[in-house]
Amino acid sequence: MRTPVAIVGAGPAGLLLSHLLDLAGVESVLVETRSREYVEARIRAGILEQSTVDLLRETGLGDRLDREGDEHRGIYLQWPEERHHLDFVDLVGRSVTVYGQTEVTKDLGKAREAAGQQIHYEVTGTAVHDIETDRPYVTFTDADGVQQRLDADVVVGCDGSFGPCRTAIPDAAKQTWERTYPYSWLGVLADVAPSTDELIYAWHPDGFAMHSMRSATVSRLYLQVPNGTDIGDWSDERIWEALATRLGHGQDGWTLTPGPITDKSVLPMRSFVQQPMRHGRLFLAGDAAHIVPPTGAKGLNLAVADVALLAPALAALVRDKDFTLADAYSDTALRRVWRCTHFSWWMTTMLHRSDDPFDRQLQLSQLQWLARSEAGRAGLAENYAGLPIGF
Ligand SMILES: Cc1cc2nc3c(=O)[nH]c(=O)nc-3n(C[C@H](O)[C@H](O)[C@H](O)COP(=O)(O)OP(=O)(O)OC[C@H]3O[C@@H](n4cnc5c(N)ncnc54)[C@H](O)[C@@H]3O)c2cc1C
């Protein structure tokens, strides 16, 4: 097989890249280890930045998002006895939209199917070759057990944090940074109407808690737990009790309504960046190049911003042999990646319980600053609602 652009991974980054390339008149082929159903059911991110929403709308993916997405003007920040609303629209003129990654991937899957996109699902043994030449290729075994070779002008690694593309770049040509946080999130999905109109981020001496949502009838909630937590130790009753305490049930008449939990998982928290995001004819986008802890709601949005930069760069490269944008891609993308890496680290370290009493006082001091300073709130709002793509 031959294609101008071989894309490894059909998660949000890979699917959106193929969509944007198609709009620019460039063909691509995707290879993906999982089934389409698995990819579309994977429960992960749920908050879309303003730039992500704008891009999805501009590229014909906004219909269901506009009908079913829930636009939020801001978030609540709280600590015991205090809750403050930060209105992003008032502060920076931008908002966020609650619309699950599952829904974004379903919309993308449908659009790609309608366009006749070639996607090889349930492949095994994906490997990339000759990335330092102008004839790179990808090999894999397809769902029927047939060994395949996909020749391309360029290969794009959209294969997430455990895929083979990031590691295909030789050690001497790359630099990595990593931070593992000393806590995880216990995340639950519950069939109950959210007890809040917008997300609540709660600092609490017992640990961080967050009340998010996926729709008018489905709530998404998180609790800070120690690394290595066994999910079996957390009964539904214990989870609801901890959420009620940390989210301030009863405070100023606010109540948390519990409901049936339909999904529970423990998510470790990690920051990771690998640069450059290009080596020869291999480009990296999304989680393949960087991971952020979910506190700043940045992972999915960063993947979208990467491919929004990459699509015109690759179109110019394969159509006109113009390398200008492709050569600039890594540096341009990394500017935003590091901004979001810092913001995600900052939100995480400000809100999660630390065993160091000095740290705790600093956390409360930052929260007080946000409550009292419009400049402080505007900084958070600008980063949370999202800087423009290409910032
Ligand atoms: C458990 C979890 C929870 C998360 N929660 C949040 C959240 O609450 N908020 C938030 O903002 N972000 C969250 N994120 C981050 C967000 O989901 C990711 O940033 C986003 O999915 C990135 O998209 P991507 O396409 O780059 O990578 P992925 O979504 O990881 O897609 C990569 C794709 O590549 C495929 N692949 C891997 N290896 C191969 C191979 N060898 N060959 C072919 N295909 C391959 C994978 O199956 C996958 O479909 C979460 C991530 C995880 C893992």
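What follows is calculated from the coordinates using simple rules that are stated; it is not laboratory data. Since this is a predicted model, take the numbers as computed values, not measurements. Every residue, glycine among them, receives a Cβ derived from its backbone with ideal geometry; neighbour counts consider all protein chains shown.
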Under a point-charge model restricted to the Cβ atoms of Lys and Arg (+1) and Asp and Glu (-1), what is the dipole moment magnitude of region 179-268 relative to its Cα centre, in debye to the nearest 20? 280 debye
From the Cα gyration tensor of region 40-109, with a ≥ b ≥ c the square roots of its eigenvalues, which class applies: rounded if a/c is under 1.5, or else prolate if a/b is larger than b/c, or else oblate? oblate
Rounded to the nearest 10, the angle in degrees between the Cα long axis of helix 357-372 and the longest principal axis of the Cα atoms of the chain comes to 90 degrees
Reduced to Cα centres, the span from region 150-219 to region 38-111 in Å works out to 15 Å
Any idea what the relative contact order of region 179-268 is, in percent, if you count C-alpha pairs under 8 Å spaced at least 6 apart? 42 percent
With a cap of 15 neighbouring Cβ atoms within 10 Å, and only residues DSSP puts in a loop, list the GluC sites (Glu not before Pro) found in region 58-114. E81
What is the magnitude of the charge dipole of the chain about its Cα centre, with +1 placed on the Cβ of each Lys and Arg, -1 on the Cβ of each Asp and Glu, and no other charges, expressed in debye to the nearest 20? 500 debye
Peptides ranked, highest mean first, by Cβ atoms within 10 Å: ranges 315-323, 354-362, 87-95: 87-95, 315-323, 354-362
Applying 1/(1 + (r/R0)^6) with R0 = 41 Å to the Cβ-Cβ distance of R67 and A172, what FRET efficiency is obtained, to the nearest 0.05? 0.25
Would you calculate, for the chain, the mean residue ellipticity at 222 nm contributed by helices, counting each DSSP H stretch of 4 or more residues as -39,500 (n - 2.57) and dividing by all residues, to the nearest 500? -11500 deg cm²/dmol
Sorted by packing (mean other beta-carbon atoms within 10 Å per residue), highest first, where do 337-344, 4-11 land? 4-11, 337-344
What is the distance, in nm, between label points placed 7 Å from the Cα along the Cα-to-Cβ direction at D327 and at V89? 4.5 nm
In Å, the Kirkwood hydrodynamic radius from C-alpha pairs for the chain sits at 21.8 Å
Under the Karplus relation 6.51 cos²θ - 1.76 cosθ + 1.60, θ = phi - 60°, what is the ordered set of whole-Hz ³J(HN,Hα) values for region 101-117, x standing for Gly and Pro? 4, 4, 6, 4, 5, 5, 4, 5, x, 5, 5, 5, 4, 4, 7, x, 4
Kirkwood Rh, region 179-268, all Cα pairs: how many Å? 13.2 Å
For region 300-308, in order, what is each residue's ³J(HN,Hα) by Karplus, 6.51 cos²θ - 1.76 cosθ + 1.60 with θ = phi - 60°, in whole Hz (x at glycine and Pro)? 5, 5, 5, 4, 5, 5, 4, 6, 5
If a/c stays under 1.5 just call it rounded; otherwise compare a/b with b/c (prolate if a/b is bigger, oblate if not). Do that for region 91-142, with a ≥ b ≥ c from the square roots of the Cα gyration tensor eigenvalues. prolate
Long-range amide H partners of S184 with built H, under 5 Å: V225, N227
Evaluate 2.2 N^0.38 Å with N set to the residue count of region 241-391, then give the Cα radius of gyration divided by it. 1.34
Going by how many other Cβ atoms sit within 10 Å of their own, how do L387, L284 line up, fewest first? L387, L284
Spatial separation of Cα centroids for region 120-148 and region 307-334, in angstrom: 23 Å
Kindly list the residues of region 97-125 that lie in the label zone of M1, defined by a backbone N under 19 Å from the point 7 Å along the Cα-to-C-beta vector. 109-125
Expressed as an acute angle from 0 to 90° and rounded to the nearest 10, what is the orientation of the C-alpha long axis of helix 324-351 relative to the principal long axis of the chain? 20 degrees
How far is helix 12-23 tilted off the main Cα axis of the chain, in degrees rounded to 10, range 0 to 90? 50 degrees
Listed highest first by mean packing, meaning other Cβ atoms within 10 Å per residue, what order do 302-311, 162-171 come in? 302-311, 162-171
Residue (of P136, G116, A244) at the positive-pole extreme of the chain, dipole from beta-carbon charges: P136
Taking H as built 1.01 Å from N, whose amide H comes closer than 5 Å to the amide H of T257, not counting residues under 5 places away? S195
Sorted from largest down, give the three principal axis spans of the alpha carbons of region 29-154, whole angstrom values. 60, 32, 28
Using the Karplus equation 6.51 cos²θ - 1.76 cosθ + 1.60 (θ = phi - 60°), what ³J(HN,Hα) coupling, rounded to whole Hz, does each residue of region 65-74 give in order, writing x for Gly and Pro? 4, 5, 6, 10, x, 10, 6, 10, 7, x
